[in-house]
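S.K.: The following block contains the structure, expressed as structure tokens.
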Amino acid sequence: MNAPFSLSRIHHVAYRCKDAKETVEWYERVLGMSYTTAFAEDKVPSTGEDDPYMHVFLDCGGGNVLAFFELPSQPEMGRDENTPAWVQHLAFEVPDHEALMAAKAHIEAQGIDVLGPTYHGIFRSIYFFDPNGHRIELAYNMGTPEQYAELARVAPLMLEEWSRTKRAPRHAEWLHKEPEA
């Protein structure tokens, strides 16, 4: 059954940070985001709990907002040690290959290690970490309308097969074959 309402977009996504000021400055300097808003409270509005926080918001472009919470009264932030570091990440889109390579050069010039570019069939991307340990991906799309249509066609088949076998279905194996230069 479908929901009796429709979503218009993601309002924001929120993650925890170690230091709100450092995080804002890093995202402005490294990714060119605009710092737009801050909320700071001593009590959590939704629960009433005493838990001082700073909640900062950054404009990622295109109506997308990334937010962070600094929680000084909570134990030091960590990560889910049962999930590999490459799994949970924030992915941002750049327009093309030239932009991706310019981003890589800019980020590396600031002393940040960058992995990639990595080929994903319909997009290429680079990876690096923010000062909080969050993995960041920058990607540009390069798929054709036919490739996207084929992926949409096999998506239900792949999910069904995965649900039964817990093994990677081969319906879109072509994604992993990088074209020769």
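S.K.: Among the residues that make up region 120-133, is at least one of them outside any helix (DSSP H, G or I), within 23 Å of ASP80 (Cβ to Cβ), touching a Phe, Trp or Tyr at 6+ places or on another chain (Cβ under 7 Å) and free of Cβ contacts under 8 Å to residues at least 60 places away in the same chain?
M.R.: no
S.K.: Can you tell me which residues in region 149-166 are in contact (Cβ under 8 Å) with a residue 12 or more places away in the chain and either acidic (Asp, Glu) or in the same structural domain as ILE122 (by TED's automatic domain parsing) (or both)?
M.R.: The one that is in contact (Cβ under 8 Å) with a residue 12 or more places away in the chain and either acidic (Asp, Glu) or in the same structural domain as ILE122 (by TED's automatic domain parsing) (or both): GLU150.
S.K.: Any idea which residue in region 49-96 is farthest from PRO117 (Cα to Cα), counting only those that are of a type in the set (Ser, Thr, Tyr) and in contact (Cβ under 8 Å) with a residue 12 or more places away in the chain?
M.R.: It comes out as SER73.
S.K.: Something else now. Determine if region 5-16 includes at least one residue that is touching an Asp or Glu at 6+ places or on another chain (Cβ under 9 Å) and among the charged types (D, E, K, R).
M.R.: yes
S.K.: Got a sec? Which of ARG16, ARG29, ARG9 is exposed (fewer than 11 other Cβ atoms within 10 Å of the Cβ), of a type outside the set (Gly, Ala, Ser) and closer than 27 Å to VAL94 by Cβ?
M.R.: Unique residue meeting the criteria: ARG9.
S.K.: For region 71-101, which residues satisfy the criterion of being within 28 Å of THR36 (Cβ to Cβ), modelled with pLDDT of 95 or more and under 19 Å from the mean Cα position of the chain (by Cα)?
M.R.: Within region 71-101, HIS89, LEU90, ALA91, PHE92, GLU93, VAL94, PRO95, ASP96, ALA99, LEU100 meet the criteria.
S.K.: Turning to a different aspect of this structure: Going by what's in this entry, would PHE57 be described as of a type in the set (Phe, Trp, Tyr) and either assigned to a helix (DSSP H, G or I) or surrounded by 12 or more Cβ atoms within 10 Å (Cβ to Cβ) (or both)?
M.R.: Against the criterion (of a type in the set (Phe, Trp, Tyr) and either assigned to a helix (DSSP H, G or I) or surrounded by 12 or more Cβ atoms within 10 Å (Cβ to Cβ) (or both)), PHE57 qualifies.
S.K.: Within 17 Å of the chain's Cα centre (by Cα) and of a type in the set (Ser, Thr, Tyr): is that true of TYR127 in this structure?
M.R.: yes
The values are calculated or read from the model by the stated rules, or taken from the named source; none is laboratory data. Bear in mind the structure is a predicted one, so any value in this text is a computation, not a measurement. Cβ: placed from backbone, ideal geometry, glycine included. Neighbour counts: every protein chain shown.
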